[in-house]
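Please treat every number below as a calculation from the coordinates, not as lab data. Computed from a predicted model, the values in this text were never measured in an experiment. A quick note on method: Cβ atoms are made from the backbone with ideal geometry, for glycine too, and the neighbour counts reach across all protein chains shown.
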Amino acid sequence: MNPIPHYRSFFDLPRVDPGYRPVKERVRDWNEVEQHLAPDELARQAARCMDCGIPFCFGAGCPIKNPIPDMNLAVLENRWEDALQLVLTTCPYPEITGRICPALCEGSCCNAKDSDAVAIRQIEREIADRAFAEGRMLPRPVLPRNGLKVAVVGSGPTGLAAASDLNLWGFDVTVYESAKHAGGLLRYGIPDFKLEKWMVERRIDLFRQEGVRFECGVQVGADVSMDYLRRKFDGVLLACGAREPRDLKVPGRELKGIHFALDFLTRQNQVLGGELADVGGEWSAKGRDVVVIGGGDTGSDCVGTSVRHGAKSVTQIEILPKPPATRADNNPWPDWPRILRSSSSHHEGCERIFATNTLAFEGDEAGRVYGIRCVQVEWQGRTPVAKPGTEFFQKADLVLLAMGFTGPEKGSPSGTGLQNVWTAGDMATGPSLVVWAAARGHDVARQIAAALRAPVRA
């Protein structure tokens with residue numbers, strides 16, 4: 001690899017992204033859509049890092065505080081093992097965050113103030129992928145066992161991060177998961193075209209090799225009680241997520257063909273994982289006019305999944321106004337840029353309708369939805385107000401509600417008022433990003449260690 005001058009690269013080298021596989025090819029399978037940069041190009045992208053005096057990328061952007069400038073320099077200098085060890089100090093699963101994180105760090109990159117940010121997420125992804133390919137992603141050394149036992153309820157991103165930390169610090173950790181397989185949202189909520197599930201299982205296998213035990217298919221509260229966990233373990237962490245979906249209570253909600261988005265995505269992941277034979281006719285988008293209500297990541301995932309089912313059409317409705325193409329005056333750097341974003345799914349065949357509210361669902365004599373009455377809105381402060389004369393009918397025979405989540409699922413275990421029981425992640429703070437979940441897993445692991453008076457690794 002030819003040496004790349006570092007001191008002017010952020011001036012001289014443009015940002016290059018790997019792009020996606022061609023649409024006609026990728027919609028015929030469930031494989032990862034994002035491509036990879038060549039090693040030489042990746043080094044050039046790393047060279048764009050300014051190594052600035054105040055690195056906002058991890059100071060203000062990255063929730064888990066990845067040492068980004070040092071990581072970039074290691075890649076530039078072909079020190080891939082150093083880069084790996086740097087990222088593993090803060091991130092328990094860089095091959096995962098390197099794929100699904102929205103790269104908050106890039107929004108705060110000093111380059112992003114006047115130009116394009118460094119491709120930090122892509123660099124993190126390649127550090128991890130290269131380590132796996134070269135056999136360098138190995139089980140990490142564990143401190144001597146301290147005799148203390150912790151139960152972690154939930155194997156999503158928060159539970160996995162906390163379990164990993166506590167195990168490495170010498171705790172005996174058992175993770176309880178109600179589903180058939182571990183991974184939580186990573187396994188059941190995110191489509192394979194963004195995160196193939198063998199990658200999740202590979203990481204969980206590493207956690208197992210390091211000493212973490214997983215008990216799957218166990219519902220805490222039904223199969224085992226909180227009293228049992230408190231008797232058996234010195235501490236209990238509840239990290240059950242926030243899966244209770246926000247409903248849309250308008251006329252016609254009871255019609256057939258209206259489903260919550262996460263249920264739709266989970267069924268597809270269960271099919272690909274061999275837990276279900278097929279999604280079922282009621283849940284299939286094949287040949288249907290699909291409407292996704294909600295403009296976030298979950299809604300986007302429903303778009304891509306519906307396209308791969310063979311939907312006749314896909315429309316995504318969002319009640320918020322269309323974001324601007326560039327930062328508004330009230331959204332200055334280094335804050336996260338609130339701009340219009342299009343996912344790979346949006347480019348696969350989707351109409352997006354903004355500033356639109358759902359008034360009612362319309363159904364046929366068989367009780368199945370066939371359309372939605374909508375109205376355009378304008379926002380007055382925090383309130384959407386219908387614009388007179390803008391009502392319209394949107395054809396739909398499959399509706400997916402992707403309007404976010406309100407909190408933990410009904411029936412989730414509670415630790416309120418119980419000694420040595422902690423609650424963390426989305427279950428405690430509400431729905432958020434995987435990288436924030438990881439950060440909160442780190443935080444609660446330190447709280448548990450401090451409360452139980454056990455040493456931790458710096």
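A few notes on this one:
- Sorting 133-142, 92-101, 70-79 by average packing, meaning the other beta carbons within 10 Å per residue, from highest down gives 92-101, 70-79, 133-142.
- When peptides 233-240, 352-359, 419-426 are sorted by average Cβ neighbour count within 10 Å, with the highest value leading, the order is 233-240, 419-426, 352-359.
- Dividing the mean sequence gap of close Cα pairs (under 8 Å, 6+ apart) by how many residues segment 246-357 holds gives a relative contact order of 23 percent.
- Using Cβ point charges alone (K and R +1, D and E -1), the dipole size of segment 127-286 about the Cα centre works out to roughly 180 debye.
- Given charges at beta-carbon only (K, R positive; D, E negative), |dipole| of segment 247-403 in Debye: 300
- Kirkwood Rh, angstrom, segment 36-181 [1 / mean 1/r, Cα pairs]: 16.4
- When each full DSSP H helix of the chain is screened for a Cα extent of at least 15 Å along its own axis and an average Kyte-Doolittle hydropathy of at least 0.0, the helices passing are 157-168, 261-272, 434-451.
- Panel note: the C-alpha atoms of segment 247-403, placed on their principal axes, show extents of 51, 37, 24 Å (largest first).
- For Lys65 and Arg338, the difference between the fully extended length at 0.36 nm per residue and the C-alpha to C-alpha distance is 96.1 nm.
- Three-way shape call for segment 340-458 based on the alpha-carbon gyration tensor, with the a/c threshold at 1.5: prolate
- Globularity ratio of the chain, using Cα Rg and 2.2 N^0.38 Å: 1.02
- Trp169, Trp30 arranged by Cβ crowding within 10 Å, fewest neighbours leading: Trp30, Trp169
- Of the three principal axes defined by the Cα atoms of segment 122-199, the extents in descending order read 40, 30, 17 Å.
- Maximal additional length on extending the Asp29-Glu365 stretch stands at 117.4 nm, based on 0.36 nm per residue less the C-alpha distance.
- Contact order normalised by residue count of the chain, Cα under 8 Å, 6+ apart, percent: 17
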